[in-house]
Amino acid sequence: MEVLDTALEEVKVLRQQRHGDERGWFTRAWCQHEYTDAGLDPVVAQVNFSSTSRRGTVRGLHRQVEPHAEAKTVWVVSGAILDVAVDLRDGSPTRAEHVAAELSADNGLGLHVPKGFAHGFQALTDDVVMVYVMSQFYAPGTEQGVRFDDPTIGIDWPLPVTVLSDKDAALPPLGPPETP
């Protein structure tokens, strides 16, 4: 796995090293040693799959907060997405900044989203299938989110939004940092 820097120091793009021949290809998507060597959270608590049926669908922007904050690495198994990580950490000099990367089954890229960052994506094709490697178990009641179209964050979604859940449509805009 090759670890590529992004505009936000903690967010990384991961490139799979594919080995292929006339039968297809093989890659190792996750390795504890490689994660540790790259300074990424090497804990795996859950592995989740997600399916998105329609091009233009937006999911997010979501995160879990302490004591259940999670890091995640996202890979696309089928189709393509624009994947986004937004820094929501209070006190961070990059709060409200984001990184976006096109992930697809063809390009073999993944995105590592660290703790404290919200995650969301837009399906660029129909029938997207993704896998999430999570550092923390899902903990109901610890979810937070912000609007996908918050002008403070300024994500340039490449397609018109065709599907958005009621839950995501009701997410608030990014407010001021929390004070202790």
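The values are calculated or read from the model by the stated rules, or taken from the named source; none is laboratory data. All figures in this text were calculated on a predicted structure; none of them were measured in a lab. So basically every Cβ, Gly included, is an ideal-geometry build from the backbone, and we count neighbours across all protein chains shown. Accessible surface areas use protein heavy atoms only, side chains included; no ligands, DNA or RNA. Shrake-Rupley method; radii C 1.70, N 1.55, O 1.52, S 1.80 Å.
Residue by residue through region 50-69, note down the ones that are polar (S, T, N, Q) and either in a strand (DSSP E or B) or open to solvent by 40 Å² or more (accessible area, probe 1.4 Å) (or both).
Those that are polar (S, T, N, Q) and either in a strand (DSSP E or B) or open to solvent by 40 Å² or more (accessible area, probe 1.4 Å) (or both): SER50, SER51, THR52, SER53, GLN64.
Report, ordered by the first and then the second residue, all pairs with beta carbons closer than 6 Å, sequence separation of six or more or different chains, a first member in region 1-26 that is within 18 Å of ALA71 (Cβ to Cβ), and a second member that is of a type in the set (Gly, Ala, Ser) and open to solvent by less than 30 Å² (accessible area, probe 1.4 Å).
Filtered contacts from region 1-26: VAL11/ALA85; VAL13/ALA101; LEU14/GLY110.
In region 15-35, what residues are open to solvent by less than 80 Å² (accessible area, probe 1.4 Å), closer than 25 Å to ASP5 by Cα and at pLDDT 85 or above?
Of everything in region 15-35, those that are open to solvent by less than 80 Å² (accessible area, probe 1.4 Å), closer than 25 Å to ASP5 by Cα and at pLDDT 85 or above turn out to be GLU34, TYR35.
Out of region 36-49, which residues are under 27 Å from ALA139 (Cβ atoms) and open to solvent by 70 Å² or more (accessible area, probe 1.4 Å)?
Taking region 36-49 and keeping what is under 27 Å from ALA139 (Cβ atoms), we get 36, 38-49.
Answer for region 36-49, where residues must be under 27 Å from ALA139 (Cβ atoms) and open to solvent by 70 Å² or more (accessible area, probe 1.4 Å): THR36, VAL43, VAL47, PHE49.
Which of the residues spanning region 70-104 are open to solvent by less than 30 Å² (accessible area, probe 1.4 Å), charged (D, E, K, R) and either assigned to a loop (DSSP other than H, G, I, E, B) or within 20 Å of MET1 (Cα to Cα) (or both)? Walk me through how you get there before you give the answer.
Initially, region 70-104 is screened for residues open to solvent by less than 30 Å² (accessible area, probe 1.4 Å), giving 70-76, 79-88, 92, 96, 99, 101, 103-104.
The next check asks that each one be charged (D, E, K, R); those that pass are 70, 72, 83, 87.
Answer for region 70-104, where residues must be open to solvent by less than 30 Å² (accessible area, probe 1.4 Å), charged (D, E, K, R) and either assigned to a loop (DSSP other than H, G, I, E, B) or within 20 Å of MET1 (Cα to Cα) (or both): GLU70, LYS72, ASP83.
Does region 152-159 include one or more residues that are among the aliphatic types (A, V, I, L, M), at pLDDT below 95 and over 15 Å from the mean Cα position of the chain (by Cα)?
We begin by selecting, within region 152-159, every residue among the aliphatic types (A, V, I, L, M); these are 153, 155, 159.
Now narrow it down to the ones that are at pLDDT below 95: none.
Within region 152-159, none of the residues are among the aliphatic types (A, V, I, L, M), at pLDDT below 95 and over 15 Å from the mean Cα position of the chain (by Cα).
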